[in-house]
Each structure stands twice: as structure tokens, then as C-alpha cells.
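The values are calculated or read from the model by the stated rules, or taken from the named source; none is laboratory data. All figures in this text were calculated on a predicted structure; none of them were measured in a lab. Quick reminder, even Gly has a Cβ in these numbers, built from the backbone with ideal geometry, and neighbours come from all protein chains shown.
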Amino acid sequence: MSLVNMKELLAKSDATFAVGAFNVSDMEMAMGAIKAAEEMEAPLILQIAEGRLRYSPLELLGPIMIAAARQCKMPTAVHLDHGRTLETVRLALTLGFTSVMFDGSHFPLEENIAKTKEVVALAEKFGASVEGEIGSIGGAEGDMASADIQVTSVSEAKRFAAETKVDALAVAIGTAHGNYKETPHLRIDRLQEIHEALDTPLVLHGGTGLTATDFHNCLVNGITKINIATASYDRSAAKIKEVHQAKPEANYFDFSEAISVGTYENVKKHMEIFGLKGKAGLYN
Ligand code: 13P
């Protein structure tokens with residue numbers, strides 16, 4: 001089935017499922033995510049955040065992600081998560097990413113709109129989708145500066161979507177990147193208001209640590225894409241430790257496989273919760 005545009009994946013989401021977007025940092029994680037998608041017969045978004053490029057340069061990992069998506073039997077989009085600069089966005093598009101996020105949420109609204117519009121114009125030339133962000137999701141993805149949660153305003157979201165014409169919009173409704181120190185209070189009321197006011201597919205960041213009920217409440221109220229990063233990194237790291245404990249003589253390849261298996265387990269678990277089993281059939 002292979003590499004597809006993210007916009008097409010989100011268009012079929014109908015309040016019974018949301019497409020999982022899973023961050024990967026190497027070939028092993030990408031392989032684990034693809035194995036889960038194929039077993040679940042689910043659509044998939046593979047993504048990497050600009051804040052992680054220090055460990056996984058886009059010029060090296062990008063082509064691996066594209067090749068993995070092409071090889072995957074399920075419809076798979078390849079997405080730049082939290083792009084901060086036009087240069088990185090351009091590089092991702094040149095490498096063949098079918099979607100890019102421009103995160104201008106730390107800029108004043110006018111500036112966020114202006115910069116996001118530039119990204120939309122650029123992505124159009126490559127036939128790629130664009131995700132924008134309005135409001136501020138808490139925590140930090142990789143090396144980016146940590147932010148406080150600023151719940152998205154309905155009027156700002158409406159204006160941002162109308163002026164930028166993004167294909168997907170990340171909203172801040174009380175979630176944060178990374179592991180939660182306290183139970184998050186999700187503003188489902190605000191999500192409902194934004195969903196009623198906008199036609200744009202909505203994106204939930206900070207998925208790690210939310211409950212199945214939280215995810216369900218989000219996907220029935222307009223969330224079409226759910227981002228999961230930390231849970232995969234943690235599961236893969238835990239798997240390496242498990243392998244080491246069970247087999248002290250474990251070699252490099254045992255650990256390499258553990259990374260893949262850890263991500264596979266986490267992606268599969270989340271795909272089940274997001275209602276994705278068998279949903280690849282919708283894209284035939
Ligand atoms: P988590 O690390 O909390 O799963 O967040 C992922 C995310 O939103 C990536 O943009």
C-alpha cells in the first residue's frame with residue numbers, strides 16, 4: 001500500500017478511530033511500528049521531531065523512514081513533527097516527507113499565522129500536508145524549550161485555520177509532552193467547542209500516559225491524529241534492560257531487536273485503543 005499523504009489518512013477518521021502518529025528515532029523503531037501496523041491492518045504515521053535530530057540527523061533517518069513507509073503493506077504517511085525552521089521543513093519535503101508540522105505556537109498569533117502560511121505555500125509545491133499549532137502544548141519534544149500549557153482559544157483557532165488553510169491543527173487541551181507528573185485535566189469542553197467551530201482535522205499531542213477513556217473522549221470529539229513518542233522510547237529502553245537482565249551475555253543484535261520489539265508492543269497497544277484494527281481497508 002505504501003507511502004501516502006497524511007491528509008488522506010485523516011480524511012477517513014470518523015469519530016470511531018484516530019490515526020496514531022508514532023515518533024521514531026532509528027530504523028529499529030520504524031521496523032517495530034510497521035510490524036504493528038501490518039499485524040493490526042492499520043494506517044500509520046511515522047514521524048520525527050526537529051528536537052530529536054541531534055541524535056538522528058534528518059538526512060540519514062529521513063530516507064530510512066520513507067523507505068520503511070514504501071515497504072509497509074499498510075497506508076503510511078511520513079511526517080516532520082514540531083518543525084521549527086523553514087530550512088528543516090524544506091529538507092523534510094525534499095527528502096519526500098508527505099507531511100510537515102510547523103510549530104509556531106511560541107510566536108505571537110500574527111507571526112505564527114504568517115510563518116505557517118509560508119510553510120503551507122512551500123508544502124503545496126511538494127503535494128504535502130501541513131499541521132499547524134495554536135495554543136501551547138505543555139512540556140517539550142526533545143531538545144525544544146519546555147512550554148507551559150496554554151489552552152487553545154476557539155476564536156484564535158478559527159482565525160488561524162481560516163487564514164493558514166492548514167490540513168491539520170494541533171490544539172492544546174491540557175496535555176503535555178513526556179511523562180505526566182500529575183494526572184492531566186483534559187479540557188474536552190474546549191475540544192468540543194473548537195470542533196464545532198472548525199472543519200479542520202484536529203491533532204492531540206502528548207499522548208503518553210493518557211488513559212483509554214481520555215483517548216476515546218478525544219477521538220469522539222474531533223481528534224483525528226494522536227501523537228505518541230515517550231511511551232515508545234520508554235518501552236524500547238525497558239525492553240533493552242529486560243534483555244540484559246535475562247541474558248547478561250546479550251550481544252548488540254539482541255539489543256537492536258529489543259528496540260524494535262519495544263516499539264512494536266507500544267504501537268500495537270495504542271493502535272488497539274485508537275480503534276485502528278482493520279481500518280487500513282478503508283483506504284483501498
Ligand atoms: P508524548 O511524548 O507525550 O507521547 O508526546 C508525543 C507528541 O506529542 C509528539 O509531538
- Message: Can you find, within segment 137-152, the residue that is farthest from the ligand (Cβ to nearest atom) among those that are within 17 Å of the chain's Cα centre (by Cα) and assigned to a loop (DSSP other than H, G, I, E, B)?
- Response: ASP143
- Task: Kindly list, by first and then second residue, each pair from a residue in segment 171-187 that is farther than 28 Å from SER155 by Cβ to a residue that is away from the ligand (no atom under 12 Å from the Cβ), limited to pairs with Cβ atoms under 6 Å and residues at least 6 apart or on different chains.
- Result: none
- Query: Say we look at segment 198-222 and pick out the residues that are in contact with a helix residue (DSSP H, G or I) (Cβ under 9 Å, 6 or more places away or on another chain) and more than 16 Å from the ligand (Cβ to nearest atom); which of these is farthest from LEU109 (Cα to Cα)?
  - Reply: HIS216
- Message: One residue is enough: does segment 194-208 have a residue meeting the conditions of a type in the set (Asp, Glu), within 26 Å of LYS158 (Cβ to Cβ) and at pLDDT 95 or above?
- Response: yes
- Note on the structure: Within segment 81-119, residues closer than 30 Å to TYR283 by Cα, touching a Ser or Thr at 6+ places or on another chain (Cβ under 7 Å) and without any contact (Cβ under 8 Å) to a residue 60 or more places away in the chain come out as PHE102, THR116, LYS117
- Message: Go through (1) away from the ligand (no atom under 16 Å from the Cβ); (2) out of contact with any Phe, Trp or Tyr (no Cβ under 8 Å at 6 or more places or on another chain) for ALA231 and report which single condition fails.
- Response: (1)
- Residue list for segment 92-115, restricted to those being among the small types (Gly, Ala, Ser) and touching a Leu at 6+ places or on another chain (Cβ under 9 Å): ALA92, GLY96, SER99
- Of the residues that make up segment 66-81, is at least one in contact with a helix residue (DSSP H, G or I) (Cβ under 7 Å, 6 or more places away or on another chain), more than 23 Å from LEU10 (Cα to Cα) and modelled with pLDDT of 95 or more? no
- In segment 71-106, what residues are within 30 Å of LEU276 (Cα to Cα) and among the acidic types (Asp, Glu)? ASP81, ASP103
- Can you give me the number of residues within segment 115-127 that are aliphatic (A, V, I, L, M) and more than 26 Å from LEU191 (Cβ to Cβ)? 2
- Note on the structure: ILE259 meets each of (1) within 19 Å of MET29 (Cα to Cα); (2) away from the ligand (no atom under 16 Å from the Cβ); (3) in contact with a strand residue (DSSP E or B) (Cβ under 8 Å, 6 or more places away or on another chain) with one exception, condition (3)
- Note on the structure: Residue pairs qualifying under the 7 Å Cβ cut-off, at least six apart or on distinct chains, with the first in segment 225-244 being at pLDDT 95 or above and the second being among the acidic types (Asp, Glu) and part of a helix (DSSP H, G or I), are ARG235/GLU265; VAL243/ASP254
- Please work out if HIS195 is touching a Gly at 6+ places or on another chain (Cβ under 6 Å), free of Cβ contacts under 8 Å to residues at least 12 places away in the same chain and more than 15 Å from the ligand (Cβ to nearest atom). no
- Answer yes if at least one residue in segment 121-136 is among the β-branched types (Val, Ile, Thr), within 16 Å of the ligand (Cβ to nearest atom) and assigned to a loop (DSSP other than H, G, I, E, B), and no otherwise. no
